[in-house]
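Colleague: Below are the structure tokens for one structure; questions will follow.
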Amino acid sequence: MTLVKEAPVRPAGKRSAPPAAGRRGRRRENLAGYLFMSPWLAGFLLLTAGPMIASLYYAFTSYNLFTPPKWVGLDNFTTMFQDPRWQKSVEVTLKYVVVATPLKLLLALGVALLLAQKRRGQGLYRAAFYMPSLIGASVSVGFVWRALFSDDAIVDRTQKVFGLDVGGWIGNPDYVLYALVALSIWQFGAPMVIFLAGLKQVPQELYEAAEVDGAGPLRRFWNITLPMISPVLFFNVLLESIHAFQVFGSAYVVSDTRCGPADATLVYTCYLYQKGFKEAQMGFASAMAWTLVIAVALVTAVLFWSQKKWVHYEEAAK
Amino acid sequence: MGTSRNVERRTVLKAAGASAATLGLGLTTGCGGGSGSGDGTVTLRYAWWGGEPRTIAIKKTIALFEKKFPKIKIKPEFTDYEAFWEKFQTQASGGNPPDVFQNAVGFLRKYDKRGVLMDLKSQADAGNLKLENFRNGVLANGQVDGKQLGIPVGANTMALVIDLKAFEKAGVEAKFGWTWDEYFDALQTIQDKVKVAGDTGYFSIMYLYDLYLRQNGKAFFTEDDLGFTEDDLTQWWEDGYKRVRSGLVADPKKVEQVKPKSALSAGLAASEFTWDNFSIRYEGEGESDYGLAPIPTTNGKDTGQYLGSLMLSAFSGTKHPEEVAQFIDFMVHDPEVGRIMGYDRGILATTEQYEAFTPADETNKGVRAYEEKVADAGVLGKITPHPSGADVIEAAFLRLGGEVAQGKTKPADAAKALFSEAKAAFAG
């Protein structure tokens, strides 16, 4: 590709290579490309594509890891849809996605708006707000979270000052999911950085013109900022909802590997993990995994379809 | 680049070879591979679950073994209980479980059915492992269908751990032969006088429900099924939930919140049913003094108790069956090992080890006295090897019992769920 583009800018006088040699050169270059890609390619085929195909097959089998998989057709799927715990896991996951994603993006956008303004120590602030995203997925943070939200820990004590006595969130099936939501919101750094980049792209003239027309800050945000960053917003919504559907680590650690109490934090992947690795029902777990893939694909498709209605691209405006 | 195509092709091949080699390398290291070496030394992998004190003690026993058997090296692997079985399942399905590992009765049939466990009788016949001197018939714990699949390292039995101060303050006494009614009356007295819940949540403990069923002529497991009805369980959980509501049993939310501490040592309740050797942890965790009390009965006599046991099992496909047997033999019979391990995994199973260790502290003395009393009372029954899937059912029992306690599931629905999950677990 680059050769073709570069061809016209070659200094005049030097004859370009005959077409045959060009093709050969291109092939040579492609070969080099594949060569450099080969470690990744091998890894992808062996560690991602292979297992995915295998799991697609297992989804239609009964497989306990020890005896060879037995073809059962759609049995895993029918059992799954009737399984009350599976239904519960879907319910918990949807609740988590619906609550955590918008809150996280709202906070990310809010802080990005603040950090977009020029002020001293800007870099420091940005780094500080981004930091939790780097360590948030770690097991140790899960433990910290557990400690923060336990009975008589700092959150509980603070609540009591305000007269709210729920006795810690971790043991309470009505609250524990919100401890996970809080953990997700706390890691708003990654979407924040993307919002910041988006905000920088908004042309200043628009604001100046609006100001001349007498638009206040709120109106400027609503009529200029939001439409101008809508592609970035779309990207963040997409990415964060996909992430939220796959939440696992925090639920697993905060609930002490049991995804509870009373299955209150039984997110989809947690149940999948229990089925696969604790109960050795790999066929069922694979069926669950593929159902999740399809569900996430559907959600993505809906989001892409909806973007026509609310995402504003500059080219379209021209 | 500017080189000829031939060179290019060679480079490609070389690079491909290199990446294949890297992958190959990864594969071999990943699989562990062979364990023998040129000088006749063999390496055995030994895995167990448990806390830090156990690991420190076991490492000492390994050092002792390696000193006495310089040709055998032991590679330790350890985690906590949950992680242990997840890892083991994956390793075993890949044909690569540890050569020797800690095991329990709930897993014998499961892994026997999958061909993972070695029948140690052959090694005993070959003279590499002694099957004598086991106390109170505990050796039977490792037997399934005439095969010796595990060698017990310790014996334990269910007990009631009580907060001595709370019981004393309330003026109630836990005595042998007391009935369930007397037990619950005692909890009521404790609640009235000491203002603390009596129990931490007895009705989610599968092994306690097993005792209750045994007292009533049933058992939790038969050879391949559950030994009780949905109605039995509904009744058990309905009673339990009533007692949570009345405050006789500790608030399940609080119990959950104080974990990993036990609700008893956290002072949320005055008693807790558990295995007697677990009582050692409460002294370290809690502020009060703790003692062992007898299991309540239905008829004033039979407690339904039996000796449970942790054991050592071996992988059927190990390359070094003889060394494995020697190692297990050493670990269960050597007096020095008994002195090091103490009652961490229950009362020492063989007479050699039992006699070698004299407990110095009150807790261990208490455990010994308790088990001697239970044995003397002549109430000990026989354990049936649990069917394959028992481990999954135990986890479900704990979870569903918790849901009932939290008021999230009705007892009848929970019982129904347990039966349907059990069906799937037995089939797996």
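The values are calculated or read from the model by the stated rules, or taken from the named source; none is laboratory data. These figures come from a predicted structure and were not determined experimentally. Glycine gets a Cβ as well: all are built from the backbone with ideal geometry, and neighbour counts include every protein chain shown. We work out accessible area using only protein heavy atoms, side chains counted, and drop any ligands, DNA or RNA first. Shrake-Rupley method; radii C 1.70, N 1.55, O 1.52, S 1.80 Å.
Colleague: Need one value for B:147-158: mean number of C-beta atoms belonging to other chains within 10 Å of its residues' C-beta atoms.
Modeller: Working: counts 0, 0, 0, 0, 0, 0, 0, 0, 0, 0, 0, 0.
So the per-residue partner count for this stretch is 0.
Colleague: In debye to the nearest 20, how big a dipole does chain A give about its Cα centre with +1 on each Lys and Arg Cβ and -1 on each Asp and Glu Cβ?
Modeller: Details: 30 positive and 20 negative charges, 345 e Å.
The dipole of chain A has a size of about 1660 debye.
Colleague: Another question about this same structure. Taking only protein heavy atoms and a 1.4 Å probe, what accessible area per residue, in Å², does segment B:313-428 have with all protein chains in place?
Modeller: Working: 4510 Å² over 116 residues.
Computed with neighbouring chains in place, this is 39 Å² per residue.
Colleague: Moving on. Chain pair A, B: how much accessible area is buried, both chains summed, with a 1.4 Å probe, in Å² to 100? Numbers along the way, then the final one.
Modeller: Details: alone 19750 and 19830 Å², together 36550 Å².
Its buried surface, counting both partners, is about 3000 Å².
Colleague: Same structure, new question: Hey, got a sec? Which GluC sites (Glu not before Pro) in segment B:144-241 land in a DSSP loop and have at most 14 other Cβ atoms within 10 Å?
Modeller: Details: sites: B:Glu168, B:Glu173, B:Glu182, B:Glu223, B:Glu230, B:Glu238; in loops: B:Glu173, B:Glu223.
Here the sparse-neighbourhood loop sites are B:Glu173, B:Glu223.
Colleague: Still on this structure, I have one more. Taking the Cα centre of segment A:135-192 as origin and charging only Cβ (+1 Lys, Arg; -1 Asp, Glu), how large is the dipole, in debye to the nearest 20?
Modeller: About 160 debye.
Colleague: While we're on this one: Going through the cross-link list A:Lys88/A:Lys275; B:Lys301/B:Lys373; A:Lys275/B:Lys113; A:Lys160/B:Lys254; B:Lys113/B:Lys416; B:Lys242/B:Lys410, which pairs have a Cα-Cα distance over 18 Å in this structure? Don't skip to the end; give the middle numbers.
Modeller: Details: A:Lys88/A:Lys275 14 Å; B:Lys301/B:Lys373 13 Å; A:Lys275/B:Lys113 20 Å; A:Lys160/B:Lys254 16 Å; B:Lys113/B:Lys416 27 Å; B:Lys242/B:Lys410 12 Å.
Where the Cα-Cα span goes over 18 Å, the pairs concerned are A:Lys275/B:Lys113; B:Lys113/B:Lys416.
Colleague: Among rounded, prolate and oblate, which fits the protein assembly as shown when a ≥ b ≥ c are the square roots of the eigenvalues of its C-alpha gyration tensor, a/c under 1.5 means rounded, and a/b larger than b/c means prolate?
Modeller: Working: a/c = 2.36, a/b = 1.45, b/c = 1.62.
Since a/c reaches 1.5 but b/c is at least a/b, the shape of the protein assembly as shown is classed as oblate.
Colleague: Scan chain A and hand back the longest stretch that contains none of the chymotrypsin sites (Phe, Trp or Tyr not before Pro) lying in DSSP loops with at most 15 other Cβ atoms within 10 Å.
Modeller: Values: sites that count: A:Phe162, A:Phe248, A:Tyr313.
Of all site-free stretches, the longest is A:1-161.
Colleague: Sort segment B:116-247 into rounded, prolate or oblate with this rule: let a ≥ b ≥ c be the square roots of the eigenvalues of the Cα gyration tensor; rounded if a/c is under 1.5, and if a/c is not under 1.5, prolate when a/b is larger than b/c, oblate otherwise.
Modeller: Details: a/c = 3.54, a/b = 1.94, b/c = 1.82.
Prolate, since a/c reaches 1.5 and a/b exceeds b/c.
Colleague: Any idea what the dipole of segment B:162-301 comes to, in debye rounded to 20, about its Cα centre with Lys/Arg Cβ at +1 and Asp/Glu Cβ at -1? Don't skip to the end; give the middle numbers.
Modeller: Working: 16 positive and 25 negative charges, 107 e Å.
Dipole size: approximately 520 debye.
Colleague: Okay, next question. May I ask you to list the trypsin sites (Lys or Arg not before Pro) in segment A:107-144 that are in a DSSP loop and have at most 11 other Cβ atoms within 10 Å of their Cβ? Can you show the working numbers first?
Modeller: On the way: sites: A:Lys118, A:Arg119, A:Arg120, A:Arg126; in loops: A:Lys118, A:Arg119, A:Arg120.
Answer in residue order: A:Lys118, A:Arg119, A:Arg120.
Colleague: Any idea what % of Cα-Cα pairs in chain A are farther than 37 Å? Could you put the intermediate results ahead of the total?
Modeller: Working: 19724 of 50403 pairs.
Across chain A, Cα pairs with separations above 37 Å total 39 percent.
Colleague: Taking 31 Å as the cut-off for C-alpha to C-alpha distance, list the pairs among B:Lys175/B:Lys408; B:Lys73/B:Lys261; B:Lys261/B:Lys423; B:Lys87/B:Lys423 that go past it. Walk me through the numbers before you get to the answer.
Modeller: Details: B:Lys175/B:Lys408 35 Å; B:Lys73/B:Lys261 36 Å; B:Lys261/B:Lys423 33 Å; B:Lys87/B:Lys423 24 Å.
As for pairs spanning more than 31 Å Cα to Cα, those are B:Lys175/B:Lys408; B:Lys73/B:Lys261; B:Lys261/B:Lys423.
Colleague: What is the average number of partner chain Cβ atoms found within 10 Å of a Cβ in A:159-168? Spell out each step's value before the answer.
Modeller: Values: counts 0, 0, 0, 0, 0, 0, 0, 1, 4, 5.
The mean count of partner-chain Cβ atoms within 10 Å per residue comes to 1.
Colleague: Compute the distance from the alpha-carbon center of segment B:343-388 to that of segment A:218-258, in whole Å.
Modeller: Segment B:343-388 and segment A:218-258 have Cα centres spaced 56 Å from each other.
Colleague: Could you work out what % of the accessible surface of the protein assembly as shown is carbon and sulfur, using a 1.4 angstrom probe and leaving DNA, RNA and ligands out of the count?
Modeller: Working: 21940 of 36550 Å².
Carbon and sulfur atoms account for 60 percent of the accessible area of the protein assembly as shown.
Colleague: Run through the DSSP bridge list for the protein assembly as shown and note the antiparallel percent, rounded to the nearest 5. Don't skip to the answer; put the middle values down first.
Modeller: Working: 29 of 45 bridges.
Close to 65 percent.
Colleague: Taking the alpha-carbon centroid of each part, what is the distance from segment A:128-173 to segment B:105-174 in angstrom?
Modeller: For segment A:128-173 versus segment B:105-174, the Cα centre distance is 41 Å.
Colleague: Could you work out the mean count of beta carbons from other protein chains within 10 Å of each residue's beta carbon in A:274-281?
Modeller: Working: counts 4, 1, 3, 5, 7, 10, 12, 5.
Mean partner shielding for this stretch: 6.
Colleague: Ok, one more. Once you have a ≥ b ≥ c as the square roots of the Cα gyration tensor eigenvalues for chain B, tell me rounded if a/c is under 1.5, and otherwise prolate or oblate according to whether a/b is larger than b/c. Each step should come with its number before you reach the end.
Modeller: On the way: a/c = 2.08, a/b = 1.60, b/c = 1.30.
The shape class here is prolate.
Colleague: Another question about this same structure. For chain B, what is the calculated [θ] at 222 nm in deg cm²/dmol (nearest 500), taking -39500 (n - 2.57) for each run of four or more DSSP H residues and dividing by its residue count? Don't skip to the end; give the middle numbers.
Modeller: Values: 17 runs with 203 residues, N = 428.
Dividing the helical sum by the residues of chain B leaves -14500 deg cm²/dmol.
Colleague: Name the residues of segment A:52-72 whose accessible area falls by at least 30 Å² when all protein chains are present instead of the chain alone, probe 1.4 Å?
Modeller: Output list: A:Asn64, A:Leu65, A:Phe66.
Colleague: Okay, moving on. How many Å² of accessible area per residue for segment A:23-143, probe 1.4 Å? Can you show the working numbers first?
Modeller: Working: 7860 Å² over 121 residues.
Accessible area per residue: 65 Å².
Colleague: Could you work out which residue, out of A:Ala210, A:Ala251, A:Ala100, moves most in a Gaussian network model of chain A, that is, has the largest mean-square fluctuation with Cα springs under 10 Å?
Modeller: So, out of A:Ala210, A:Ala251, A:Ala100, the one fluctuating most is A:Ala210.
Colleague: Which trypsin sites (Lys or Arg not before Pro) in segment B:366-428 pass both tests, a DSSP loop state and at most 14 other beta-carbon atoms within 10 Å? Intermediate values should be presented prior to the final figure.
Modeller: Numbers: sites: B:Arg368, B:Lys373, B:Lys382, B:Arg399, B:Lys408, B:Lys416, B:Lys423; in loops: B:Lys382, B:Lys408.
Loop-located and lightly packed - B:Lys382.
Colleague: If the cut-off is 18 Å between C-alpha atoms, which lysines fall inside it for A:Lys200, apart from same-chain ones fewer than 8 positions away?
Modeller: A:Lys118
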